[in-house]
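Report on one structure; see the data block that follows.
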Amino acid sequence: MLTSTAQGVLSVDRYAAYHKYARENPKVQRALCWAHQRRDFLAVAIKHPELWTWAGDWLERIALLYNRHAKRRTAAPESSAYIEQDTKLRPLTERMRKRAENERDDPSQHADVRRLQRLMLANWDELTVFLDNPEIDLDNNSAERALRPANA
């Protein structure tokens with residue numbers, strides 16, 4: 001068996017091969033994509049129009065997550081501006097996690113809401129890698145765009 005020297009953070013979607021790669025390379029950490037997570041909320045709302053208000057609230061929270069992360073990234077590490085943004089960002093993610101747990105555990109919630117929350121919570125550590133690694137983007141959109149061939 002060959003030993004891998006790979007290490008770092010891999011910004012990816014939930015494709016199983018990335019999970020396997022990270023599992024086989026313990027120094028590689030997956031950072032999952034919030035754009036893909038956002039699409040999951042939209043998919044549930046499209047499938048169940050009565051859930052648009054619920055999904056819209058989650059989309060607003062995700063937009064706020066992007067906004068606060070971007071503001072934190074523009075501040076110099078350890079500066080008062082950085083600390084201020086960090087102290088807004090971390091509680092936001094904690095509130096999101098707790099809400100997801102409540103929705104997952106609430107039998108009155110739609111089955112697809114509970115299923116989506118189970119999936120999000122199962123990947124929560126990978127979705128929040130950016131908290132301790134502010135240089136990490138919240139999504140892998142730029143990498144995906146780079147892989148697509150240019151239209152001639």
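Computed FRET efficiency, Cβ-Cβ of W52 and V28, R0 35 Å: what is it to the nearest 0.05? Walk me through the numbers on the way to the answer.
Values: r = 38 Å, r/R0 = 1.08.
My answer for the efficiency is 0.40.
For segment 55-137, what D do you get in µm² per second when you plug the Kirkwood radius from alpha-carbon pairs into Stokes-Einstein at 37 °C and 0.692 mPa s? Could the numbers behind the result be given before it?
Numbers: Rh = 13.7 Å.
Rounded, D is 240 µm²/s.
Which FRET efficiency value, to the nearest 0.05, is calculated for A70 and D132 with the Förster distance at 22 angstrom and r the Cβ-Cβ distance?
Details: r = 17 Å, r/R0 = 0.77.
With a Förster radius of 22 Å, E is 0.85.
I need the shape label for segment 1-130. Rule: rounded when a/c is under 1.5, else prolate if a/b > b/c, else oblate, with a, b, c from the alpha carbon gyration tensor. Mind showing how you got there, number by number?
On the way: a/c = 2.28, a/b = 1.19, b/c = 1.92.
Because a/c hits 1.5 or more and a/b fails to exceed b/c, segment 1-130 counts as oblate.
Amide H to amide H under 5 Å from Q29: which residues, 5+ apart in sequence or cross-chain, H placed 1.01 Å off N in plane?
G8, V9, L10
Can you tally the net charge around L127? Count Lys and Arg as +1, Asp and Glu as -1, for every other residue whose Cβ sits under 13 Å from the Cβ of L127. It would help to have the intermediate numbers written out before the result.
On the way: positive: R14, R30, R38, R61, R97; negative: D13, D40, E94, D125, E126, D132, D137, D139.
Counting the neighbours of L127, the net charge comes to -3.
Net charge near R14, counting Lys/Arg +1 and Asp/Glu -1 over other residues with Cβ under 10 Å of its Cβ? Spell out each step's value before the answer.
Details: positive: R30; negative: D13, D40, E126.
Taking every other residue near R14 into account, the sum is -2.
Laboratory data are not the source of any read-out in this text; all were calculated from the coordinates shown. All values reported here derive from a predicted model rather than from experimental measurement. Neighbour counts are summed over all protein chains in view; Cβ atoms, including those assigned to glycine, are modelled from backbone coordinates with ideal geometry.
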